[in-house]
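A short reminder: the numbers here are calculations on the coordinates, not readings from a lab. Treat the numbers as computed from the prediction; the structure is a model and nothing was measured. Cβ: placed from backbone, ideal geometry, glycine included. Neighbour counts: every protein chain shown.
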Amino acid sequence: MSKQPNKDPNREGGDSPARKSINYMQYAGMAFQFGILLAIGAFVGQKLDAYFDTSKPYLTALSIIVFLFFALYLVFKDLLRQQT
């Protein structure tokens, strides 16, 4: 009698529909997180421009760029964590 190893759908290489839907939800969550962070950056920048009464939306642009880099950092961190 030989024992066959149990196949775990959550292990690497598992192409089960459940695993595919988990991957899809993780990437959808990353996109949602990315968009929310950019929206927060735009909101903060607009409030800073209104507070400092700037002639052009310099602080809005700067805030969006800062939040963009922060969002990219979080996405790359999540992607690297999934590979290990």
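Between residue 19 and residue 80, the contour length at 0.36 nm per residue exceeds the Cα-Cα span by 20.2 nm. A full extension of the chain between residue 31 and residue 72 corresponds to an added length of 13.7 nm, given 0.36 nm per residue minus the alpha carbon distance. Packing around the peptides 57-69, 29-41, taken as the average count of other Cβ atoms within 10 Å per residue, puts them in this order, highest first: 57-69, 29-41.
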